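Enquirer: Mind having a look at this structure? Questions to follow.
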Amino acid sequence: MLRSQSKDLFARARKVIPGGVNSPVRAFKGVGGHPIFFKNAKGPYVEDVDGNSYIDYVSSWGPMIQGFTFQPVVDAITAQAQKSTSFGAPTEVEIELAEMIVERFKSIEKVRMVNSGTEATMSAIRLARGITGRDKIVKFDGCFHGHGDSLLVKAGSGVLTLGLPDSPGVPNDLAQHTISLPFNSIDQITQLFDSRGGEIAAVIVEPIAGNMGCIPPAEGFLETLRKVTRKHKALLIFDEVMTGFRVASAGAQQLFSIEPDLTTLGKVIGAGLPVGAFAGKKKFMDRLAPEGDIYQSGTLSGNPLAMAAGKALINTLDDEFYATLTRHTDELVLGLMKIAAQTDIPLRINHFCGMFSLFFTKQAEVTNFDQVTQCDVDRYRTFFHLMLDEGVYLAPSAFESAFLGGQHTSDVFDQTLTAAENAMRKLHS
């Protein structure tokens, strides 16, 4: 496929935008070549500026769970834009979306809207520190919780893709308050709390990791986090920016029957518009200004366009939708694994209701950051470009999750599997 216009636009962008992109993982440094510039999308398909069409499994990094230009969302945005794109003042639609979230999540009684997932996690950590009077937080290697200073230690997503272990600009005095442990290590989290539990304000975790690829929690891991945080009076924060409304109606916490103290949300709750939220029980959330003494603000938080879009999308997501999505994910993964076996390609696919990741490895399983980094990144890079030439757009990084949704039907899977078979045969030769 010719992508000359994308190449030209990237050269133009590099003159006025750092690295030519407004988020590092878009730069294609993880797979080589230049990024693709898109102009249109519909359902499961995206079209680039050169007129090439692709089956999309990036889903704008998750929120397009009902496909691109989903009509109820388009209608809601259009109707709201005709009233105003912003007020900087309260609107009823903010309340309506918050009520929908509270209704679905057992752990949530109040919600504070923000403008991004990064804002949500930063604010949740500030709230946890204010509530507990402690400074230290615990995260897990390869998990990504946005680009807040406290959270870039051994982070995933673009930090991992670009090979940046820790970012300059993060003060040592702040970084020393962040403890990063291996994901899924029950022993290490238990030992840490046994020795230093009284110093820890919060544990923040992606209940299903998605920013080093899709890594489900090991049996007992999340339960252990809930147990030790309660015992030592630290807060448990579930970062469900990716998994909230993506894997179940009430996120991963519904699937694993665990109630965190605080939850961060994003992506789906804005249907692809910039948005985030952090939420929890009234006793915690009422510590926020203006009710309480812990300050957090955002001039355009609760933007009515994002609120209207999120409300329209979430209204279409019910238990039947997620059951179908789980079945379709299993169907696609099984097909890909069969092709890998037939072409003698060592492949492990982790998946969970609409999320999946391809790990080219002979390892029996991939359950943590160290195992992720041992996978064959060069082979993923080659496979990515082969699939691109076959008309399938995957995440431009071996360390990101892929997504499917209601728009991916059996016909789309057939096209995808034909493309994958062609790509894997070339990969094997």
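The values are calculated or read from the model by the stated rules, or taken from the named source; none is laboratory data. As the structure is a prediction and not an experimental result, all values here were calculated from the model. Here Cβ is always computed from backbone atoms with ideal geometry, including for glycine, and neighbour counts include all displayed protein chains. Just so you know, the surface numbers come from the protein's heavy atoms only, side chains and all, with ligands and any DNA or RNA stripped out. Shrake-Rupley method; radii C 1.70, N 1.55, O 1.52, S 1.80 Å.
Enquirer: Can you give the three extents of the C-alpha atoms in the range 273-429 along their principal axes, from longest to shortest, in whole Å?
Expert: Ordered largest first, the range 273-429 gives principal extents of 64, 36, 26 Å.
Enquirer: Let me ask something additional. How would the range 349-429 be classified by its alpha-carbon gyration tensor: rounded, prolate or oblate, with rounded meaning a/c under 1.5 and the a/b versus b/c comparison settling the rest?
Expert: The shape class here is oblate.
Enquirer: Here's another thing I want to ask about it. Return the long-range amide H neighbours of Asp50 (sequence gap of 5 or more, or a different chain), with a cut-off of under 5 Å between placed amide H atoms.
Expert: Ser6
Enquirer: Say we join alpha carbon atoms closer than 10 Å with springs in a Gaussian network model of the chain; which of Ala202, Ala402, Ala341 then has the biggest fluctuation?
Expert: Maximum among the listed residues: Ala341.
Enquirer: OK, next. Checking a compactness column here: for the range 1-147, what do you get for Rg(Cα) / (2.2 N^0.38 Å), N being the number of residues?
Expert: My calculation over the Cα atoms of the range 1-147 gives 1.35.
Enquirer: What are the ³J(HN,Hα) values, in whole Hz, obtained from phi via the Karplus relation 6.51 cos²θ - 1.76 cosθ + 1.60 with θ = phi - 60°, for each residue of the range 271-283 in sequence order, with x given for Gly and Pro?
Expert: For the range 271-283, the Karplus-derived couplings read 6, x, 8, x, 6, x, 7, 10, 7, x, 5, 3, 5 Hz, x marking Gly and Pro.
Enquirer: As a test, work out the antiparallel percent of DSSP beta bridges whose residues both lie in the chain, rounded to the nearest 5.
Expert: Around 60 percent antiparallel, to the nearest 5.
Enquirer: Can I ask one more? Ordered by packing density, taken as the mean number of other Cβ atoms within 10 Å over each peptide's residues, highest first, how do 363-371, 246-254 rank?
Expert: By packing density, highest mean first, the sequence is 246-254, 363-371.
Enquirer: For q values of 0.13, 0.26 Å⁻¹, compute log₁₀ I(q)/I(0) with the Debye formula on a Cα-only model of the range 218-267, without solvent.
Expert: Each listed q maps to, in turn, -0.29, -0.99.
Enquirer: Leaving ligands, DNA and RNA out of it, work out the accessible area of Asp411 with a 1.4 Å probe and give it in Å² to the nearest 10.
Expert: 110
Enquirer: Sorted by mean Cβ packing within 10 Å, highest first, what order do the peptides 117-123, 31-37, 53-59 take?
Expert: 117-123, 53-59, 31-37
Enquirer: I need the GluC sites (Glu not before Pro) found in the range 186-273, filtered to DSSP loop residues with at most 15 other beta carbons within 10 Å of theirs.
Expert: Glu219
Enquirer: So for Glu92, Glu103, what's the accessible-area order with a 1.4 Å probe, most first?
Expert: The ranking, largest first, comes out as Glu103, Glu92.
Enquirer: What residues qualify as long-range amide H neighbours of Ala202, i.e. H under 5 Å apart, gap of 5 or more or another chain, H built at 1.01 Å from N?
Expert: For Ala202, whose amide H was placed from the backbone, the distant partners under 5 Å are Val138, Leu235.
Enquirer: Which whole-Hz couplings ³J(HN,Hα) result when phi for each residue of the range 381-394 is put into the Karplus expression 6.51 cos²θ - 1.76 cosθ + 1.60, θ = phi - 60°, listed in order with x for Gly and Pro?
Expert: 4, 5, 5, 4, 6, 5, 5, 4, 5, 8, x, 10, 9, 9
Enquirer: Please label the shape of the range 193-331 as rounded, prolate or oblate, based on the square roots a ≥ b ≥ c of the eigenvalues of the alpha-carbon gyration tensor (a/c under 1.5 means rounded; beyond that, a/b larger than b/c means prolate, else oblate).
Expert: It comes out oblate by the Cα gyration axes.
Enquirer: Expressed as a whole percentage, what fraction of the accessible surface of the chain belongs to carbon and sulfur atoms when a 1.4 Å probe is rolled over the protein heavy atoms?
Expert: Its accessible area is 51 percent carbon and sulfur atoms.
Enquirer: Okay, next question. Through the Karplus equation 6.51 cos²θ - 1.76 cosθ + 1.60, θ set to phi - 60°, convert the phi angles of the range 53-59 into ³J(HN,Hα) values in whole Hz; use x for Gly and Pro.
Expert: For the range 53-59, the Karplus curve yields 10, 9, 6, 9, 10, 9, 6 Hz.
Enquirer: Something else now. Based on alpha-carbon centroids, what's the gap between the range 1-72 and the range 344-372 in Å, whole number please?
Expert: 25
Enquirer: Once you sort the root eigenvalues of the Cα gyration tensor of the range 231-303 as a ≥ b ≥ c, which label holds: rounded (a/c under 1.5), prolate (a/b larger than b/c) or oblate (the other case)?
Expert: Because a/c hits 1.5 or more and a/b fails to exceed b/c, the range 231-303 counts as oblate.
Enquirer: So what's Rg/Rh here for the range 1-64, counting alpha carbon atoms and using the Kirkwood radius for Rh?
Expert: Here the Rg-to-Rh quotient is 0.96.
Enquirer: Is it possible to state the helix-based mean residue ellipticity at 222 nm for the chain, with each DSSP H run of 4+ residues giving -39500 (n - 2.57), the sum divided by total residues, to the nearest 500 deg cm²/dmol? What is it?
Expert: -11500 deg cm²/dmol
Enquirer: If you count only protein heavy atoms with a 1.4 Å probe, what accessible area per residue comes out for the range 311-369, rounded to a whole Å²?
Expert: That works out to 45 Å² per residue.
Enquirer: Leaving out ligands and nucleic acids, and using a 1.4 Å probe, what accessible area per residue does the range 10-153 come to in Å²?
Expert: So the range 10-153 comes to 46 Å² accessible per residue, rounded to a whole number.
Enquirer: Rg/Rh for the chain to two decimals, with Rh computed the Kirkwood way over all alpha-carbon pairs.
Expert: Answer for the chain: 0.95.
Enquirer: Among the trypsin sites (Lys or Arg not before Pro) in the range 311-375, which ones are in a DSSP loop with at most 13 other Cβ atoms within 10 Å of the Cβ? Mind listing them?
Expert: Answer by residue number: Lys362.
Enquirer: Now for a different question. Which trypsin sites (Lys or Arg not before Pro) in the range 74-141 pass both tests, a DSSP loop state and at most 16 other beta-carbon atoms within 10 Å?
Expert: Lys83, Lys106
Enquirer: Would you kindly find the accessible area of Asp8, with a 1.4 Å probe and non-protein molecules such as ligands, DNA and RNA excluded, rounding to the nearest 10 Å²?
Expert: Spelled out: Asp8, probe radius 1.4 Å, area about 100 Å².
Enquirer: Here's a follow-up. Of the listed peptides 141-148, 291-298, what is their order by residue-averaged count of other C-beta atoms within 10 Å, with the highest listed first?
Expert: So the peptides 141-148, 291-298, ranked by packing, come out 141-148, 291-298.
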